[in-house]
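Please treat every number below as a calculation from the coordinates, not as lab data. Since the model is a prediction, treat every value here as computed from it, not as a measurement. We place every Cβ from the backbone using ideal geometry, glycine too, and count neighbours over all the protein chains shown.
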Amino acid sequence: MAGVAESLVTEDFRKLYGSAEGVRVFRAPGRVNLIGEHTDYNLGFVLPVALDLATYIATAPSGVPSGPGKVRIYSEHRQEMREWNTAELATLQPARHWTDYPIGVAQELLSAGFAIEPTNLLIRSTVPEGSGLSSSAALEVSTALAFLAGRSIDPLSLARLCQRAERNFVGMPCGIMDQYISVFGREHSAVEIDCRSLGHRLVALPSGIAFVAVNTMVKHALAGSAYKERVAECAAAVAGIKEKFPSVESLRDVSPERFESVAHSLPPVVARRARHVVTEDARVGRFVEASAAGDLALMGKLLVESHRSLQHDYEVSCAELDFLVDTALTIDGVFGSRMTGGGFGGCIVTMLRPDAAARFSEQIARIYERQFQVAPRIYACQPSAGAMQVLDFGTIPAA
Ligand code: GLA
């Protein structure tokens, strides 16, 4: 973690809660999705990498001296402490507050038969919020591990439990991608997830490329409601296609060719949404093949096709994302670029020659700031390991 200031999270934990006896630290990373956007809830394919940006939670049983019977959670980022009696956790209602994530996780753990012990938590995160790099999943997975405090759970159950927390309590009908990659991420690899079978394979990326994410620094208010609308539009497309092809259960079952044979029978907006999903699924497979063949130009071209499809057919991009992608494509050493994550703000991800990264970052920041009067943040996307307990818990990068 060279270059990142390190601080003693256990020391901070002791200051906050009066004791660091029995403290453990858990980590869950954010992610950048390389390709396969809005395909996960259509049971298709995605290709994310886990980042070295992560949420860390220091936790210890809250016996004496902090007092029994309570769960306390402190968010360093919000500088906010909240507490609940363990007995009330099961019946809490969503508060439209950041604590909905940990409370949603607590409720899912309880439903799965895991008791929640009186505990103190200190949350420290280096995943920027609202950036489309999945700070929510990082918070869910790290909270689940903190509440489990070493009790074992199989990794897929962990990912699914955290997805349920977001769907049931937070109220976002998300797919499985973010929680899955936060659990299953691997150093040096992208992870191709089959969102129907929930299996995955590791994809070694060719040498001679790097991925850089650039943050628009905006998150438009539309993001949540538009996401739900897209989920509903995809369901409408499946219902329409089913009339002709009864075996179709999700857009995953529809090839681009078959889709074109029924597209005319769907309402135009629904047809465009579905066209994005079926072509995007196909692009994931083609991207993985191009990667295996070391065809960097084709990989870049597929990234741009993905963006155009999200921009025009799925309509989840925005002026800032389009501007960044269009600018990225004019910069030397860039193979391709696209928005990443849910859309309506957040980040683009750009594939480029490693030696071009420094100039790229400098140029795109300057051009974006001139246009939007805000400096974008830029992150090197280093494929990193999924959630795990941090054994050397003395050193956690400062946010
Ligand atoms: C959000 C959701 C994911 C996925 C992406 C879009 O990040 O949480 O499940 O649907 O949007 O690909």
Prolate/oblate/rounded call for the range 56-124, Cα gyration tensor, a/c under 1.5 rounded
oblate
Top of Q179, Q363, Q311 by mean-square fluctuation, Gaussian network on the chain, Cα under 10 Å
Q363
Of the convex hull enclosing the alpha-carbon atoms of the range 150-199, the direction-averaged projected area in nm² is 4.2 nm²
In the Gaussian network model of the chain, springs joining C-alpha atoms below 10 Å, which of L222, L205, L352 carries the largest mean-square fluctuation?
L222
Under a crude label model (7 Å from the Cα following the beta-carbon direction), how far is R258 from K70 in nanometres?
5.7 nm
Using the 2.2 N^0.38 Å rule of thumb for compact globular proteins, work out how the range 172-331 stacks up: its C-alpha Rg over that value, please.
1.11
Distance in nm between H220 and D355 label points, each 7 Å along Cα→Cβ, equals 3.9 nm
Near K219, which lysines are there with a Cα under 25 Å away, not counting those fewer than 8 places off in the same chain?
K228
In terms of the Cα gyration tensor, with a ≥ b ≥ c the square roots of its eigenvalues, is the range 242-324 rounded because a/c is under 1.5, prolate because a/b exceeds b/c, or oblate?
oblate
Per residue of the chain, what 222 nm ellipticity follows from adding -39500 (n - 2.57) for every DSSP H run with n ≥ 4, rounded to the nearest 500?
-11500 deg cm²/dmol
Arrange the following residues from fewest to most other Cβ atoms within 10 Å of their Cβ: C162, C347.
C347, C162
Estimated vicinal HN-Hα couplings, Hz - the range 52-61 in sequence order (Karplus 6.51, -1.76, 1.60; Gly, Pro = x)
7, 7, 8, 9, 10, 10, 8, 8, 8, x
Just the Cα atoms of the range 294-364, one point each, no solvent: what log10 I(q)/I(0) does Debye give at q = 0.12, 0.14, 0.22 Å⁻¹?
-0.28, -0.39, -0.90
Angle in degrees between helix 223-244 and the longest Cα principal axis of the chain, rounded to the nearest 10
50 degrees
Fraction of the pair-distance distribution of the range 24-177 above 27 Å, Cα-Cα pairs, percent:
19 percent
Would you compute the Debye intensity of the range 136-244 from its alpha-carbon atoms alone, equal scatterers and no solvent, and pass along log10 I(q)/I(0) at q = 0.14, 0.20, 0.22 Å⁻¹ to two decimals?
-0.79, -1.22, -1.26
Show log10 I(q)/I(0) for the chain at q = 0.11, 0.14 Å⁻¹, two decimals, from a solvent-free Debye sum over equal Cα scatterers.
-0.79, -1.22
So, in nm, how far is label Q93 from label D154 when the simple model puts each one 7 Å beyond its Cα toward the Cβ?
3.7 nm
What trypsin sites (Lys or Arg not before Pro) in the range 34-124 are in a loop by DSSP, with at most 12 other Cβ atoms within 10 Å of the Cβ?
R96
All lysines inside 29 Å of K15 as judged from Cα atoms, apart from same-chain residues fewer than 8 positions distant
K70
